[in-house]
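The values are calculated or read from the model by the stated rules, or taken from the named source; none is laboratory data. Everything numeric in this text was worked out from a predicted model, so none of it was measured. Here the Cβ positions follow ideal geometry from the backbone for every residue, glycine too, while neighbour counts run over all protein chains shown.
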Amino acid sequence: MRRICYCNITYKCNNNCQCCISHNVRKGTDKNLGLDDYSFFQKKFSLGANDVWTISGGEPTLNPEFNDIISFCHNYSEHIVVYSNGRTLSKIPTETISKIERIIVPIYGDETTHNEYVRSGNAYRETIDSMVKVLDYDKNKLDVKILFIDPQKGISFLKSSEWNDIIANNHFSISRVIKNGQHEHYQDICSAASDVIEPLLDLNKIVRFYDLPLCKLRLGTLSRILKSVNLTGSFDSNVICGSTEHRYTIFPFNKHTDYFPKCEGCPNRSICARVMQNYFVPVIVNGVVYIDTE
Ligand SMILES: C[S@@+](CC[C@H](N)C(=O)[O-])C[C@H]1O[C@@H](n2cnc3c(N)ncnc32)[C@H](O)[C@@H]1O
Ligand code: SF4
Ligand code: SF4
């Protein structure tokens, strides 16, 4: 049984995304997690080689102990997943990069769209430069996360000249920007997402999904995904989380989807729930989405 230790190690950020999902980033919460917190988690839960460290923020590379935290986690498990906006990744030592299993970097569209969304004129260029550096080092380390702000914006990145470099990478995630917790335009965004997912699958890329209800994807895309789902994996259905108020919390994430009334009787309900909750368990085993059988 694989367990997930998910921590936001800082709430500082060098972007200012229009719809940042993190309440603590928007509030400017001044709290870093450090080596002592990680040592506490490791001892408390005896975390080891089979478990996953998921490290996010804020922008985690801005935590002054980032390199030390990665080294600490790597002593216990090689499954280290980092969410980063990519801007400062190129300054992280190669030794640290080598210890991370996967770095998930979001792109919101072409240069103009991305910079407008993250509200910084230099972000796109810095993020792309970092991505290219990481993928030149190892094509399986980076996960390029393409997000749709609206049905067209994610696709604009695929028409950019930078895409010609990025397509060499092996791992991609497809997601959507959730605006004020709203779930509108699912159909249009999922159709547009299908138009990105299908060509990536044709190229034998490894593709993961976040917050895309399976039934809203195009039928052909859905059947390809269902064929690739691995139902043999097994995760603990609780996430161990760092929190600002408590030393740790246990977060139950394996709940069912409740997006539409028909979810109640849907045969794909447990698969859909896990695909949409990939955020906490962004691990792929043997190129397929790894699903808990419950
Ligand atoms: C909160 S960020 C923290 C890590 C890092 N700063 C980054 O942006 O990658 C973690 C992930 O949440 C995603 N995210 C942030 N706001 C979101 C939203 N409104 N809807 C969907 N995903 C969102 C980002 O794309 C990113 O992959
Ligand atoms: S880069 Fe990440 S943490 Fe920073 S504002 Fe954007 S989504 Fe939030
Ligand atoms: S669980 Fe709900 S959202 Fe998912 S495929 Fe079934 S009906 Fe669609």
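Odds and ends about this structure:
- Any hit, segment 36-51, residues being closer than 22 Å to I92 by Cα and hydrophobic (A, V, I, L, M, F, W, C): no
- Any hit, segment 117-125, residues being within 11 Å of ligand 2 (Cβ to nearest atom), under 18 Å from the mean Cα position of the chain (by Cα) and free of Cβ contacts under 8 Å to residues at least 60 places away in the same chain: no
- Figure legend. Inter-residue proximity from segment 187-212: first residues under 24 Å from R102 (Cα atoms) and among the polar types (S, T, N, Q), second residues at pLDDT 85 or above and assigned to a helix (DSSP H, G or I), beta-carbon distance below 6 Å, spacing 6+ or different chains. Indicated pairs: S194/T221.
- Subset of segment 58-75 [within 16 Å of ligand 2 (Cβ to nearest atom) and of a type outside the set (D, E, K, R)]: G58, P60, T61, L62, N63, F66
- Contact annotation: residue pairs with Cβ atoms under 6 Å, 6 or more positions apart or on different chains, pairing a residue in segment 21-43 that is within 10 Å of G242 (Cβ to Cβ) with a partner that is in a helix (DSSP H, G or I), are Y38/I69; Y38/F72.
- Candidates T96, T54 - the one that is among the polar types (S, T, N, Q) and touching a strand residue (DSSP E or B) at 6+ places or on another chain (Cβ under 6 Å): T54
- Count of segment 30-88 residues which are of a type in the set (D, E, K, R) and at pLDDT 95 or above: 4
- Listed by position, the helices (runs of 4 or more DSSP H) inside segment 93-203 whose residues that are closer than 24 Å to T54 by Cα number at least 3 are 94-99, 123-137.
- Some residue of segment 149-172 being closer than 27 Å to K99 by Cβ and among the hydroxyl-bearing types (S, T, Y): no
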